[in-house]
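Colleague: Input: one structure, supplied below.
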Amino acid sequence: MSRSAVSQEQASAQYPDASAGLKPGWGVSPERQQAIQATLTGLVPHSGRLAPGQLRSITTELARRRELWSDLVVRDPDVRWYLPLHRSNSCDVWLLAWERGQDTDWHDHGGSSGSFAVAEGRLLEQYRAPAGRLSHRRLGPGHAVAFGPGHVHDVAHGGHGSATSIHAYSPPLTAMTYYTSTDYGLIARQTVAIDGPEGGRGRGGPDTALAKASASAARLTSDALPDGAPGIDELLAEARSGIRRLRPEAALAALTDGAVLVDIRPLEQRIVEGEVPGAIIISRNVLEWRLDPRSEARIPALARSDLQIIVMCSQGYASTLAAASLRRIGLTEATDLDGGYQAWQTAGLPTRPAQSLG
Ligand SMILES: [Fe+2]
């Protein structure tokens with residue numbers, strides 16, 4: 001709600017500021033860390049997975065012990081603020097501050113169980129109840145909730161002044177999936193690596209455990225690759241060098257001349273973004289089999305070398321690679337929509353909501 005969606009495509013192509021909307025705080029003194037650790041002793045096993053009830057004991061106790069954190073809180077009306085209070089192999093614990101209008105967006109916790117307790121002010125939690133029904137609860141000082149790994153929620157400042165809360169997760173948070181609320185229910189939008197709680201997307205400070213882990217993983221990954229293997233950026237540039245891509249207006253003109261627009265976006269994305277009337281929907285994972293004139297699984301009316309296929313995805317990245325693959329199997333006229341569905345929509349060309357089966 002408070003942050004625009006960033007797709008995997010966009011993330012890989014432009015690497016946007018993934019931490020926008022949440023500001024970390026740093027610098028809990030060793031003495032304070034010791035005091036927090038002493039409080040947690042007995043509540044946090046050194047290793048192993050904690051049950052939601054155990055996490056609730058942690059958040060409730062720390063929310064009560066104001067002297068451990070009250071002087072550390074930073075109030076920022078523009079950006080939600082957080083501070084890591086504790087991290088072990090079994091769980092991580094965070095201090096969060098909330099101001100009017102701030103919320104997390106719909107998300108899960110990547111397989112971690114969790115709990116949060118309100119220490120000051122009020123929070124509003126919307127959540128997905130069993131059977132997919134959406135529900136909500138208002139939480140005031142002293143209230144705590146705990147949840148298992150399947151929990152999906154959107155936590156927001158609940159009014160009446162500033163709010164502060166304590167959050168705990170087990171195993172420690174490493175990834176979260178964000179959702180969009182639609183008429184069809186909550187649709188998973190993207191999964192992001194995180195180093196902060198409740199919407200701490202992407203990159204954190206240089207000293208975070210995630211930053212170190214990411215750097216280490218990056219080294220391992222590139223060491224393991226064969227010499228000369230192109231990266232995704234090179235692969236994309238190579239694909240684009242052989243294609244005359246079409247901007248939306250030019251694509252519309254080509255469609256008028258008999259070209260076919262093929263929408264390869266997944267259903268979830270079409271539900272969230274909408275559709276182009278008349279576009280042929282073919283999943284990316286079967287695209288070549290449907291369009292190769294030699295394939296038994298072809299669509300006869302479309303699998304023709306004299307037909308121009310214009311592949312469309314959301315932003316015009318995956319579509320280029322798909323079009324290059326079609327050209328490789330002999331469909332030399334295949335191209336893609338530059339800018340994808342989003343450019344088509346921005347150009348004011350015809351769109352409609354995703355069509356339901358009912
Ligand atoms: Fe959460």
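The values are calculated or read from the model by the stated rules, or taken from the named source; none is laboratory data. All values reported here derive from a predicted model rather than from experimental measurement. Just so you know, the surface numbers come from the protein's heavy atoms only, side chains and all, with ligands and any DNA or RNA stripped out. Shrake-Rupley method; radii C 1.70, N 1.55, O 1.52, S 1.80 Å.
Colleague: Quick one: Karplus J couplings for the range 265-282, per residue in order, coefficients 6.51, -1.76, 1.60, θ = phi - 60°, nearest Hz, x for Gly and Pro?
Modeller: Values per residue, Gly and Pro as x: 5, x, 3, 4, 6, 5, 5, 6, 9, x, 10, 9, x, x, 5, 8, 9, 9 Hz.
Colleague: Here's another thing I want to ask about it. On the protein heavy atoms, probe 1.4 angstrom, tell me the percent of accessible surface of the range 232-358 carried by carbon and sulfur.
Modeller: 51
Colleague: How high is the relative contact order of the range 249-358? Use alpha-carbon pairs under 8 Å, at least six apart in sequence, and give a whole percent.
Modeller: 29
Colleague: What does the extension gain come out to for ALA250 and VAL79, with contour length at 0.36 nm per residue minus their alpha carbon separation?
Modeller: 57.4 nm
Colleague: So with the 1.4 Å probe, I'd like the accessible area per residue for the range 241-345, rounded to whole Å².
Modeller: 45
Colleague: Apply the a/c threshold of 1.5 to the C-alpha gyration tensor of the range 306-358 and tell me whether it is rounded, prolate or oblate.
Modeller: Note, shape of the range 306-358 comes out prolate.
Colleague: Something else now. Could you give the accessible area per residue of the range 70-171, probe 1.4 Å, as a whole number in Å²?
Modeller: Accessible surface, normalised per residue, equals 36 Å².
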